[in-house]
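Engineer: Quick one: this structure, given as structure tokens, is what I'll be asking you about.
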Amino acid sequence: MSPETLPRIDLKPLLARLWPLGHPDPVTPEEIAQAISYFFTNQVSDVQAASLLMTLHFTTLDRNAEVLAKTAECMLKAAARIDEPALRAAVDGKRRREGSYEGGLVDIVGTGGDSHNTFNISTTASILASSLLLVAKHGNRASTSKSGSADLLTNMQPLAPQLDRVRPDTIVDLYRNTNYGFLFAPVFHPGMRHVAPVRKQLPWRTIFNLLGPLANPTDLGSASDATQPPLLEARMIGVARKDLGPVFTRALELAGARKALVVCGDEDLDEISCAGDTHCWRIRPADPSHPDSGATVTEHFRLHPRDFGLPAHPLSEVSPGKEPHENAAILRRILDGQVDDDDPILHFVLINAAALFVVSGVCDADTSDLGYGDDGKVITERGPGGGRWKEGVRRVRWAIKSGEAARQWAKFVEVTNSFSE
């Protein structure tokens, strides 16, 4: 049935149990997730949808790990269908195993809303990471800043990618041809169009500001063959408040994540900070030699730019607040190797891309044969959380200087422009 013919759902009984607090029959995370799932099929009135979003916000239930995990699961079920066997075959054909990295897809994303208006760090880091990893960057236009990830990429020169042409019917061909993929949220989560008008009329951030990073469309759950690694192997998520770190970590654990890093700069920044300490929560396999066992450990630690072998820079040096076309010009210069090695914005990008390399497991390799420009000198020093953060920086610098990141980007642009509208 189309959304226009589905019956309306009355949320009044659920809302009455949510507020005031202390109802003898408290609402469960499953019930909240089920109620929100009706948003995606346009079965809830705008008034009741807004009421639920406001109630969740003011009771802080939208920052509850179980609620986030269950609602993200419902959001993924409502997403546009991807042919999992075909995508898995494409990924298997491209797998480049190294260290404890199994060659699966990775994502790096932030919740936004930190008010710092820094350069597009995670998007730039995702492109640099595609030199060695298969990247499935989930993103959208700006909602809380001047330049969202999609805004940045559609302003790239000399030719911009066609983001809306990466769809369930083209994603397999995409990964057959390039390591980089950008999954434009409106394409893969079409049901969100029913939610947008309600969100725009509310002055508060809602649960949907937190769900995006947990709802990557390639997170297709357990494979039909449990011996196969997950398609979405690793992810790094930046949160804009330190109290959200444990919440997101727990939500990822509940979702079965095996490799993840949740970060929050000391300034309540949804990136690894270039200015000082960053709070980190890392999920990793308990036994790296058997990553598919399912057993994981979670650690909390802090990172500082010096752990990456780099100096600290105040955020004022990396917060240009520029328009998308200006940030795109900076990204272009980074890809072309035209930014000075000591540039603060480059350092900011390096530490975040390096962290994605670490969480993926690629830095666990004791040898290095990356090709042109690689001296093969692995930095085996381990820092906080046991990560080879300096080795990550070495690999990101190679990605730029060798031109490999630029080549993967160029292929992404070429392939997306070849897809029909």
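Engineer: Take the conditions closer than 16 Å to Leu220 by Cα and open to solvent by less than 10 Å² (accessible area, probe 1.4 Å) and apply them to Leu68. Does it pass?
Structural biologist: Criteria not met by Leu68.
Engineer: Sticking with this structure for a sec: Could you tell me whether segment 174-183 includes any residue that is surrounded by fewer than 23 Cβ atoms within 10 Å (Cβ to Cβ) and over 23 Å from Thr154 (Cβ atoms)?
Structural biologist: The answer is yes; a qualifying residue exists.
Engineer: Applying the selection to segment 402-421, what residues are more than 25 Å from the chain's Cα centre (by Cα) and either small (Gly, Ala, Ser) or modelled with pLDDT of 95 or more (or both)?
Structural biologist: Those that are more than 25 Å from the chain's Cα centre (by Cα) and either small (Gly, Ala, Ser) or modelled with pLDDT of 95 or more (or both): Ser402, Ser418, Ser420.
Engineer: Right, here's the next one. Limited to segment 1-50, what total is found for residues that are aliphatic (A, V, I, L, M) and in a helix (DSSP H, G or I)? Don't jump to the end; show me each part of the working.
Structural biologist: Quick first cut of segment 1-50, residues aliphatic (A, V, I, L, M) only: 1, 6, 9, 11, 14-16, 18, 21, 27, 32-33, 35-36, 44, 47, 49-50.
Next cut, in a helix (DSSP H, G or I) only: 14-16, 18, 32-33, 35-36, 47, 49-50.
Number of matching residues: 11.
Engineer: While we're looking at this one, here's another question. Which helices (runs of 4 or more DSSP H) sit wholly inside segment 143-210 and have at least 3 residues that are more than 29 Å from Asp92 (Cβ to Cβ) and out of contact with any strand residue (DSSP E or B) (no Cβ under 9 Å at 6 or more places or on another chain)?
Structural biologist: Answer list for segment 143-210: 196-200.
Engineer: Scan segment 51-60 for residues that are assigned to a helix (DSSP H, G or I) and either open to solvent by less than 50 Å² (accessible area, probe 1.4 Å) or touching a strand residue (DSSP E or B) at 6+ places or on another chain (Cβ under 6 Å) (or both) and jot them down.
Structural biologist: Ser51, Leu52, Leu53, Thr55, Leu56, His57
Engineer: Let me ask you something else. Test Arg407 against the criterion of being surrounded by fewer than 18 Cβ atoms within 10 Å (Cβ to Cβ) and part of a helix (DSSP H, G or I), and give yes or no.
Structural biologist: For Arg407, the condition - surrounded by fewer than 18 Cβ atoms within 10 Å (Cβ to Cβ) and part of a helix (DSSP H, G or I) - is met.
Engineer: Also, I was wondering about something else. Cβ-Cβ below 8 Å, separation at least six or inter-chain, first residue in segment 217-235 and farther than 20 Å from Phe188 by Cβ and at pLDDT 85 or above, second aliphatic (A, V, I, L, M) and open to solvent by 40 Å² or more (accessible area, probe 1.4 Å): which pairs?
Structural biologist: Pairs found: none.
Engineer: Under 7 Å between Cβ atoms, at least 6 apart or on separate chains: pull out the pairs that start in segment 155-174 with a residue that is closer than 20 Å to Ala86 by Cβ and end on any residue that is open to solvent by 50 Å² or more (accessible area, probe 1.4 Å) and modelled with pLDDT under 95.
Structural biologist: From segment 155-174, the pairs are Arg165/Glu421.
Engineer: Determine which single condition Arg88 fails, assuming it passes every other condition in (1) basic (Lys, Arg); (2) touching a helix residue (DSSP H, G or I) at 6+ places or on another chain (Cβ under 8 Å); (3) in a helix (DSSP H, G or I).
Structural biologist: For Arg88, the failing item is (2).
Engineer: Right, here's the next one. In segment 76-97, is there at least one residue being crowded, with 22+ Cβ neighbours inside 10 Å and either over 28 Å from Leu132 (Cβ atoms) or in contact with a His (Cβ under 9 Å, 6 or more places away or on another chain) (or both)?
Structural biologist: yes
Engineer: For residues in segment 303-361 being hydrophobic (A, V, I, L, M, F, W, C) and part of a loop (DSSP other than H, G, I, E, B), which is least open to solvent (accessible area, probe 1.4 Å)? Before the answer, list the steps.
Structural biologist: Keep residues of segment 303-361 that are hydrophobic (A, V, I, L, M, F, W, C), which gives 303, 308, 310, 312, 315, 318, 328-331, 334-335, 339, 345-346, 348-351, 353-359.
So of that shortlist, the ones also part of a loop (DSSP other than H, G, I, E, B) come out as 310, 312, 318, 339.
Numbers: Leu310: 17, Ala312: 49, Val318: 0, Val339: 21 Å².
Within segment 303-361, the match that is least open to solvent (accessible area, probe 1.4 Å) is Val318.
Engineer: Condition test on Gly110, is it open to solvent by 10 Å² or more (accessible area, probe 1.4 Å) and within 22 Å of Arg199 (Cβ to Cβ)?
Structural biologist: Spelling it out, Gly110 is indeed open to solvent by 10 Å² or more (accessible area, probe 1.4 Å) and within 22 Å of Arg199 (Cβ to Cβ).
The values are calculated or read from the model by the stated rules, or taken from the named source; none is laboratory data. Here the structure is a predicted model, which means the values were calculated and not measured. Positions of Cβ are generated from backbone atoms using ideal geometry, with glycine treated the same way; all protein chains shown enter the neighbour counts. Protein only, heavy atoms only, side chains kept; ligands, DNA and RNA dropped before computing areas. Shrake-Rupley method; radii C 1.70, N 1.55, O 1.52, S 1.80 Å.
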